[in-house]
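**Student:** This structure is in structure tokens; I'll ask about it shortly.
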Amino acid sequence: MTPSSAFILVLTVATATAAAAITPPQRDETAGQRLSIRTELVTLPVAVVDAEGRYVTGLRREQFALYDDGQREQIDFFTSEDLPLTIGLVLDSSASMRAHRHTVTAAAAAFAAMSDPLDEFFTVNFNERVWLGLPPRLAFTEDWAQLHTALAGAPAYGMTALHDAVDLALDHIRLGTHERRALIVVSDGGDNASSHTRDAVLQHARESDTVIYAVTLVDPDDHESSPRTMKALAKETGGRAFAPRTADEVIRAFSQIASEIRSGYLIGFSPNEDTAGFHLVRVAVDSRDRRQLSARTRVGYYAEPTAPPDR
């Protein structure tokens, strides 16, 4: 069975059992053996694709080259292990999303059901206001039945505060327990109710170590939509932007996000502590067999100023 077929099968089950109890995935008893990551490193999630856009796995550390502001750096950490993630689902609950809500909810629930049992999730819903979807005092969940309930319970009406929602999600995801972090933002990209500006949210995204995947659903008659904002959020953080037009394409978008998350690499390096501010990063990859490969990661990172020595 192909990954897409498996995803569609899970989607069908998720849709058919929306009102029924769902058995959550079981925790792996070997989880304590998972790899830990030194937090003083700058870590970069990297996706590698070939000329046909297919994800490439099985590469080794020596096939990667990492550049910080154009200067090659030593890779101090490398893994292709499928490490667990903290994942936020940021879903537009404004009136413009009403027609898409059922499909998005089912696709997101199926995506969660295919995830690592140790992945932890949260939801952010938004119209003219922004709120966390899980029950009070529950910041994250590993139970995808509980997640599905949170997704299905959001209404669809009112205006759109996309910028405020992404800003809240970027703050909340930092409370997660996993080094790898991703947001999946579903919206038309328009905003008519936020207190945060587009530029402020893009700046916040650049400062974060969170990959953003954008699923843009645009009504042709909606003149307030902004696919450009969604594309910018994805580009700045090393994610991807999708623009599905049908229910099947929404399913494929979530399936491709799941495939990328599970087949990527994580590399890390020790930055130069003497240079504060924003650093541009680039990752190159050598296939060693003449294949044309490209690596995608976030645009850069912020280095904090070095504290002066105590006198």
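The values are calculated or read from the model by the stated rules, or taken from the named source; none is laboratory data. Computed from a predicted model, the values in this text were never measured in an experiment. Quick reminder, even Gly has a Cβ in these numbers, built from the backbone with ideal geometry, and neighbours come from all protein chains shown.
**Student:** Among (1) over 15 Å from the mean Cα position of the chain (by Cα); (2) part of a strand (DSSP E or B); (3) of a type in the set (Gly, Ala, Ser), where does Ala200 come up short?
**Tutor:** Status for Ala200: all satisfied but (2).
**Student:** Please indicate, with yes or no, whether at least one residue in the stretch 57-71 is without any contact (Cβ under 8 Å) to a residue 40 or more places away in the chain and in a loop (DSSP other than H, G, I, E, B).
**Tutor:** Yes, because at least one residue in the stretch 57-71 is without any contact (Cβ under 8 Å) to a residue 40 or more places away in the chain and in a loop (DSSP other than H, G, I, E, B).
**Student:** So is Ser226 more than 22 Å from Tyr302 (Cα to Cα), out of contact with any His (no Cβ under 6 Å at 6 or more places or on another chain) and polar (S, T, N, Q) or not?
**Tutor:** Yes, satisfied.
**Student:** Only one of Ile87, Ile75 is at pLDDT 90 or above and in a loop (DSSP other than H, G, I, E, B); which?
**Tutor:** When all the criteria are applied, what remains is Ile75.
**Student:** Pick from Ala145, Ala169, Ala156, Ala161: which is of a type in the set (A, V, I, L, M), in the same structural domain as Arg98 (by TED's automatic domain parsing), under 16 Å from the mean Cα position of the chain (by Cα) and buried (at least 17 other Cβ atoms within 10 Å of the Cβ)?
**Tutor:** Unique residue meeting the criteria: Ala169.
**Student:** Collect the residues in the stretch 85-140 that are farther than 18 Å from Pro244 by Cβ, under 16 Å from the mean Cα position of the chain (by Cα) and among the β-branched types (Val, Ile, Thr), keeping them in residue-number order.
**Tutor:** Residues satisfying the conditions are Thr86, Ile87, Thr123, Val124.
**Student:** Right, next: Among the candidates Ser225, Ser259, single out the residue that is under 13 Å from the mean Cα position of the chain (by Cα) and among the polar types (S, T, N, Q).
**Tutor:** After applying the criteria, what remains is Ser259.
**Student:** Quick check: is even one residue across the stretch 249-258 assigned by TED's automatic domain parsing to the domain that holds Glu62, touching a helix residue (DSSP H, G or I) at 6+ places or on another chain (Cβ under 9 Å) and of a type in the set (A, V, I, L, M, F, W, C)?
**Tutor:** no
**Student:** Taking Asp209 as the residue in question, decide whether it is of a type in the set (D, E, K, R), farther than 25 Å from Val46 by Cβ and surrounded by 14 or more Cβ atoms within 10 Å (Cβ to Cβ).
**Tutor:** In short, no.
**Student:** Follow-up. If I ask for residues that are more than 17 Å from Arg98 (Cα to Cα), at pLDDT 95 or above and in a helix (DSSP H, G or I), which ones from the stretch 120-179 would you list?
**Tutor:** His163, Asp164, Ala165, Val166, Asp167, Leu168, Ala169, Leu170, Asp171, His172, Ile173
**Student:** Residues that are touching a residue at least 40 places away in the same chain (Cβ under 8 Å), more than 22 Å from Arg240 (Cβ to Cβ), in the same structural domain as Ala247 (by TED's automatic domain parsing) and buried (at least 18 other Cβ atoms within 10 Å of the Cβ): does the stretch 173-189 have at least one?
**Tutor:** No - not one qualifying residue is present in the stretch 173-189.
**Student:** Here is a follow-up. Can you say whether Phe7 is crowded, with 18+ Cβ neighbours inside 10 Å, modelled with pLDDT under 95 and not basic (Lys, Arg), as far as the supplied structure shows?
**Tutor:** yes
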